[in-house]
1. Principal axis lengths of the stretch 1-71 from Cα atoms, whole Å, largest first?
2. With a cut-off of at most 14 other beta carbons within 10 Å, and DSSP calling the residue loop, which trypsin sites (Lys or Arg not before Pro) in the stretch 241-329 qualify? Please list them.
3. Spit out the partnerless Cys residues in the chain, using Cβ distances under 4.7 Å as the pairing rule.
4. Among VAL272, VAL125, rank each residue by its count of other Cβ atoms within 10 Å, from fewest to most, as a rough exposure measure.
5. Write down the Kirkwood hydrodynamic radius of the chain, to one decimal in angstroms, obtained as one divided by the mean of 1/r over all alpha carbon pairs.
6. I need MET204, MET229 ordered by Cβ neighbour count within 10 Å, fewest first.
7. Please report GLU131, GLU112 as a ranked list, fewest other C-beta atoms within 10 angstrom at the top and most at the bottom.
8. What number, in percent, do you get for the relative contact order of the chain if the mean sequence gap of Cα pairs under 8 Å and at least 6 apart is divided by its residue count?
Amino acid sequence: MTLDDRRLPPLGVGDALTREAVLAWLREDDEARLEPLWRAADEARRRYVGDAVHLRGLAEISNYCVRGCTYCGIRGPNRALERYRMPAEAIVACAHKALEFGYGTLVMQSGEDYGIETGWLADVVARIKAETALAVTLSLGERPDEDLAAWRAAGADRYLLRFETSDERLYRRIHPDLPGRVSDRLAIIATLQELGYEAGTGIMVGIPGQTHASVADDIELFRDMDMDMIGIGPYLPHPATPLGREFEEHRARGDWPADQVPNRELATCKVVALTRLVRPDANLPATTALSLIDRESGRTHGLQRGANVVMPNLTPLEYRAKYEIYPEKAAVHETAEAINAGIVELLASLGRTVGAGAGGRRRGGDPSP
Ligand code: SAM
């Protein structure tokens, strides 16, 4: 039997797509043979969440971080980085910019920064909710339940916390615990759901040591979790991190572990497409990391292979360069206006529309013919 005679398993939506099929599609690298996957994911995206692309304005409100995640450029031990915390006025100004651009959501993201005090952030959230009709999404790390409850009470609508990888051993290696506190992101996500947040999670694709089988497990976990949002981006090595250096050593020696998933555009798109199929009504962003790993077509392919959300960056330029979770994070010198114009133009060229309103998840997604 030649390679081309190998039959790929049938595609399907929801439980019709088995783990075995997911794994076979993940291991397929032939662009032509992947066409049916792209078509199926795009069709499921169209039927379940429609042609509208929801734009969520991103404000990177602090790069302080207590954690030592070995992949992330803003990890606490990176002493070379100048730290900032945006003042409340600057965050509220981002919210108004989001409104001006017609976005339905402001996403506030940061390192795990306890200088972001619970009450202070609750006031910022309450102020944005009072002054605008925006949905507010938070992505501030593994904060205690009381903080999550206080922010929800102040009006926060959504919270994003990626589990990064379902491989427990790999997770422990890349995401060290804080002293006396075991990191259990799945438990925090369950709490977020109990508190009434729309909850989001996600993974990085191509972490050194991450196998295709473990990504198939990640997708199984997406299937089992009732997630409203799932963010999937390639792992981008940062030279000032332990994992970035390990990546570089593997690359130089060409000695990748068996079944290693590459941190490529194609690999990431496969995960986005398969996730769309197993979780057809979830909101899936075409991530900034995907747009960076392939500047030409990363974002376009993301949107054509399952994604229905984009998160344009609204962080003022004076802070943006310091939020370098991976090198050359997109458009460090591009103003929010330029980024917005580029995305609007791209959507028009793809025959997609800009989503109106907050763009929350519509459960079940009203599949249309
Ligand atoms: N501190 C919060 C947390 O950990 O959830 C939010 C900010 S954190 C920088 C947001 C996401 O960035 C992480 O969940 C991770 O998936 C992604 N990220 C960090 N470093 C990355 C890298 N080098 N390559 C790709 N993604 C990265």
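Derivation of every value follows stated rules applied to the coordinates shown; laboratory data play no part. Model, not experiment: these values are computed from the prediction. Quick reminder, even Gly has a Cβ in these numbers, built from the backbone with ideal geometry, and neighbours come from all protein chains shown.
1. Dimensions of the stretch 1-71 along the principal axes of its Cα atoms: 55, 34, 24 Å.
2. Of the trypsin sites (Lys or Arg not before Pro), the ones in loops of the stretch 241-329 whose Cβ has at most 14 other Cβ atoms within 10 Å are ARG295.
3. Among the cysteines of the chain, those whose Cβ sits 4.7 Å or more from every other are CYS65, CYS94, CYS269.
4. Arranged by neighbour count, lowest to highest, VAL272, VAL125 become VAL125, VAL272.
5. 20.8 Å
6. In increasing order of surrounding Cβ atoms, one gets MET229, MET204.
7. With the fewest neighbours first, GLU131, GLU112 line up as GLU131, GLU112.
8. Computed over the chain, the figure is 25 percent.
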